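**Q** Below you'll find the structure I mean.
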Amino acid sequence: MDPASRTPRQLGSELRRYRKKQGLTQTQLSSRIEKRQATISTLESVGNGTLETLFAVLSALDLELSIRPRTKSNRARLEDIF
């Protein structure tokens, strides 16, 4: 299952995870998108940045954004697990 990001911080953490998985430093990624390393750091740590930067990072990491309905937890289903 694909990870769901519901907050800017969660999205930033996912971007960091994918960057590291590809063996890139923040500096290398920032060079690819012609932004400052601090911009990447801010995006990854607090999820703050522009949509332009977000899509540039997604492209540089060979990722895409997918929008889907939010999943709701089902209490009955959770109780079946335990």
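**Q** Cα gyration tensor of the stretch 16-62, axes a ≥ b ≥ c as square roots of the eigenvalues: rounded (a/c below 1.5), prolate (a/b > b/c) or oblate? Spell out each step's value before the answer.
**A** Details: a/c = 1.33, a/b = 1.24, b/c = 1.07.
Since a/c stays below 1.5, the shape of the stretch 16-62 is classed as rounded.
**Q** Ignoring ligands, DNA and RNA, what accessible area per residue does the chain give at 1.4 Å, in Å²? Provide the component values of the computation, followed by the final result.
**A** On the way: 6470 Å² over 82 residues.
Each residue of the chain exposes 79 Å² on average to a 1.4 Å probe.
**Q** Can you pull the one-decimal nm distance between simple spin-label points at V46 and K20, each 7 Å off the Cα toward Cβ?
**A** Going from the V46 label point to the K20 one covers 2.1 nm.
**Q** What does the helix-only formula give at 222 nm for the chain: each DSSP H stretch with n ≥ 4 adding -39500 (n - 2.57), the total divided by the residues, and the result rounded to the nearest 500 deg cm²/dmol?
**A** On the way: 5 runs with 49 residues, N = 82.
Result for the chain: -17500 deg cm²/dmol, rounded to the nearest 500.
**Q** Right, something else. In the set (i) 15.3, 50; (ii) 12.1, 36; (iii) 11.2, 32, which value of Rg and Dmax of the Cα atoms in Å was calculated from the structure you see?
**A** (i)
**Q** Within the chain, what whole-number % of the accessible surface is contributed by carbon and sulfur, with the 1.4 Å probe and all protein chains included in the calculation?
**A** Numbers: 3180 of 6470 Å².
Here carbon and sulfur together make up 49 percent of the probe-accessible area.
**Q** Taking the chain as the reference, fit the longest principal axis to its C-alpha atoms, fit the long axis of helix 37-46 to the helix C-alpha atoms, and give the angle between the two in degrees, 0 to 90, nearest 10.
**A** Relative to the chain, helix 37-46 is tipped by roughly 10 degrees.
**Q** In percent, what relative contact order does the chain have, based on Cα pairs under 8 Å that are 6 or more apart in sequence? Provide the component values of the computation, followed by the final result.
**A** On the way: 55 pairs, mean separation 22.9, N = 82.
Computed value for the chain: 28 percent relative contact order.
**Q** Quick one: if the Förster radius is 22 Å, what FRET efficiency do K72 and Q10 give, using the C-beta to C-beta distance and rounding to 0.05?
**A** On the way: r = 17 Å, r/R0 = 0.78.
Step by step, r from the Cβ atoms, then E = 0.80.
**Q** Could you rank the peptides 48-56, 27-35, 64-72, 2-10 by their average count of other C-beta atoms within 10 Å per residue, with the highest value first? Could the numbers behind the result be given before it?
**A** Working: 48-56: 14.3, 27-35: 16.0, 64-72: 6.9, 2-10: 11.6.
My ranking of the peptides, most packed first, is 27-35, 48-56, 2-10, 64-72.
The values are calculated or read from the model by the stated rules, or taken from the named source; none is laboratory data. Please read these numbers as outputs of a predicted model, since none were measured by experiment. Neighbour counts are summed over all protein chains in view; Cβ atoms, including those assigned to glycine, are modelled from backbone coordinates with ideal geometry. These accessible areas exclude ligands, DNA and RNA; they are computed on the full protein's heavy atoms, side chains included. Shrake-Rupley method; radii C 1.70, N 1.55, O 1.52, S 1.80 Å.
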